[in-house]
Each structure stands twice: as C-alpha cells, then as structure tokens.
Amino acid sequence: MTEPLRIVFAGTPEFAAAHLKALLSTQHQIIAVYSQPDRPAGRGQKLTPSPVKQLAVSHDIPVYQPQTLRDPAAQAELAALKPDLLVVVAYGLILPQVVLDTPRLGCINSHASLLPRWRGAAPIQRAIEAGDNESGVTVMQMEAGLDTGPMLLKVTTPISADDTGGSLHDRLASLGPQAVIEAIAGLAAGNLKGEVQDDSLATYAHKLNKDEARLDWSRPAEELEPLVRAFNPWPICHSTLHGEALKVHAAQLAPQLNAQGAAPGTVVAVDKSGLAVACGQGVLRLTRLQLPGGKALNFSDLFNSRREQFTVGSVLGA
C-alpha cells in the first residue's frame, strides 16, 4: 500500500461530489476543497453552496472559493497547502500553468467522455445527441489546454437506446470515482504513464443552452429523439401548442406512422401511447409532457384529463 497523499480536491456539481465522497473513504488526506462561489438558486434565488462545498463542510474540510485562479494571492494560498496532488472534477475554472505546477504529482482530471472525443463542457449530453454507442470516463494528467492532457485511465459504458442525460450522468458518476482512486494509486507508485491524445480525433462538447432545446420540427425525427433524451433533465426540449409552452420530457420514434403531406409540427395521431408529430422526415411520438404550471406527466394521464387540448391537425411550434 502506498503512503497516503495530501490531496486538494477541486469540483462543483453532483458529478464532482460523487468523486469527493469516494476519495474521503480512502487512506488519502483531503486537506482542502476548491469549489465555485455560491450561486443563486431556486425560486427565492438564495445563495446556495455547490454540492461539493456542502459535502466538504459536512466533513470539516476547509473550502476555498476564489473567483479566479489567475490571481497571485489565490495561487499563493494553494501553494501554502503543499499538496501532493490536485484532483479536478467539473470545477469550472481555468487552471493556469503555475497552478498545474504546484502539486508534487501535478493535477489529474476525471472527464465524462472517452477522450479525445467530447472535450469541453457538456460531454454526456453531446454523446447521446450524436447517437454515440458508448461513453465513459477518462482520467487524465492536466495541462494548459482544454481536456488535452495525457490519458491515464479509461472506463467505458454502453449508451442504451433509452439513456437520458440524467441516467448516463448517474452511471458515469459511479464509474469515475473508482477510476480516479486507481489512477492515484498508479501515480503514487510511479507506474502509471499517460497516453498522448490524438488531436485529429477531438470533438468539442459545447455548453448547453435553452435556445437549442427548442424543437425544430423541420429536422428528421431520428435527430430529435436523441435530443429529447440528451436534454433531460436539463434544459428539457420544448415547443408550443395553442400558443402555450410545452415541455417534452420523453419521446420515441413512430416508424409505423405515415405523415405524408403533413407540415412539420402537425399532430398526425393522438391516443394513450402519445402525441404523434410530423417531422421533416418521419414521425416523433411524444410520450411524457409538461404543461404550463403543471408537472411532467405520461401522455396517457394527460389524454384522460385534457383530451380536448390534443387534437389531430394541431400544429406545434406555430
């Protein structure tokens, strides 16, 4: 067994908190945690600490929340901790070279994709949206570029036909921590060597925004179906019906239905199985919807209670 390391952990969302929780159960010493500044959340827009900060506070670990790590004072603060290793998971701040050089063993990052595919902010959702067959977690040695460092360890998982952004996130959040612990053991023992990424295979996972979640019915149904899954639980795909917002939480292809001659966005069939909508090519059946002021419901429930709102010939997004 290797000597316990002095580790500083940097991360912000739930995905990162899962990694911190696992590290807390090892022999290593988590001497400090870095997380993004508290942000307004909920209806009251009350300042709320990140999941990582909440976990750190509950374990009496000092928490640092600099606005930037480009500030010499913040850099000096980190150096004074004398860490052996910095473990970074979905932190959200750029780490300048001086920070990367501070820990004795450098900095490692757990990234939710099979690098070099899907570098960047939203790798889980982009993999589903693109129709990838598999995803995973890559633990890499960090360098100044965005997710460009040498790869230390990879774990993979298939992406199933019913995976959502949420389900794949949760699976990767359970795979990543063990991979990080394994990588730390290899680094501490000095027997883990990084594999250089092939930049020619790199793709970029742009940050999600609500605008791109608006369903463009002129696109093929085969493109919209994975988009609905990828953007669940956020930002949730949406359209309008009778001038009111309509959120689409789940949908499936309906290859047995023919929408020949129907304009994109037109409802071509309605029954308990869903609201069938003509697309640029093919038909998409909407199976779980959310109306204004309500919660997400399976369409069979809406069909029973609000049938008059859903009629053949209605046009979504008009």
- Report yes if VAL180 is within 21 Å of GLU14 (Cβ to Cβ) and either part of a strand (DSSP E or B) or charged (D, E, K, R) (or both), otherwise no. no
- Query: So ALA245 fits all but one of (1) loosely packed, with under 13 Cβ neighbours inside 10 Å; (2) among the aliphatic types (A, V, I, L, M); (3) outside the structural domain of LYS272 (by TED's automatic domain parsing); what number is the exception?
  - Reply: (3)
- Query: Tally time: how many residues in the stretch 204-242 are buried (at least 16 other Cβ atoms within 10 Å of the Cβ) and in contact with a Ser or Thr (Cβ under 9 Å, 6 or more places away or on another chain)?
  - Reply: 9
- Query: For the stretch 17-36, how many residues meet the condition of being under 19 Å from THR48 (Cα atoms) and in contact with a helix residue (DSSP H, G or I) (Cβ under 6 Å, 6 or more places away or on another chain)?
  - Reply: 5
- Query: Is one or more of the residues making up the stretch 62-84 crowded, with 17+ Cβ neighbours inside 10 Å, modelled with pLDDT of 95 or more, acidic (Asp, Glu) and part of a loop (DSSP other than H, G, I, E, B)?
  - Reply: yes
- Task: Check whether at least one residue in the stretch 166-173 is within 21 Å of THR287 (Cα to Cα), outside the structural domain of PRO51 (by TED's automatic domain parsing) and without any contact (Cβ under 8 Å) to a residue 60 or more places away in the chain, and report yes or no.
- Result: no
- Note on the structure: Filtering the stretch 21-60 down to residues that are without any contact (Cβ under 8 Å) to a residue 60 or more places away in the chain and within 15 Å of ILE181 (Cβ to Cβ) yields LEU24, SER25, GLN27, GLN29, ILE30
- Do any strands (runs of 3 or more DSSP E) lying entirely in the stretch 252-318 carry at least 3 residues that are in contact (Cβ under 8 Å) with a residue 40 or more places away in the chain and closer than 19 Å to TRP217 by Cα, and which ones are they? 267-271, 283-290
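Here is a yes/no grid of residues against (1) surrounded by fewer than 19 Cβ atoms within 10 Å (Cβ to Cβ); (2) hydroxyl-bearing (Ser, Thr, Tyr); (3) farther than 21 Å from ILE124 by Cβ:
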{"residue": "GLU3", "(1), (2), (3)": "yes, no, yes"}
{"residue": "PRO13", "(1), (2), (3)": "yes, no, no"}
{"residue": "ALA16", "(1), (2), (3)": "no, no, no"}
{"residue": "GLN27", "(1), (2), (3)": "yes, no, yes"}
{"residue": "SER35", "(1), (2), (3)": "no, yes, no"}
{"residue": "ARG43", "(1), (2), (3)": "yes, no, yes"}
{"residue": "THR48", "(1), (2), (3)": "yes, yes, yes"}
{"residue": "GLN54", "(1), (2), (3)": "yes, no, yes"}
{"residue": "VAL57", "(1), (2), (3)": "yes, no, yes"}
- Query: For the subset of the stretch 183-217 comprising residues that are charged (D, E, K, R), in a loop (DSSP other than H, G, I, E, B) and more than 30 Å from LEU316 (Cβ to Cβ), which member is modelled with the lowest pLDDT?
  - Reply: LYS193
- With the first residue restricted to the stretch 70-95 and required to be without any contact (Cβ under 8 Å) to a residue 12 or more places away in the chain, and the second required to be in a loop (DSSP other than H, G, I, E, B) and of a type in the set (S, T, N, Q), Cβ contacts under 8 Å at 6 or more apart or on different chains are ALA74/THR68
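The values are calculated or read from the model by the stated rules, or taken from the named source; none is laboratory data. In this text the structure is predicted, and so the values were computed from the model without any measurement. Positions of Cβ are generated from backbone atoms using ideal geometry, with glycine treated the same way; all protein chains shown enter the neighbour counts.
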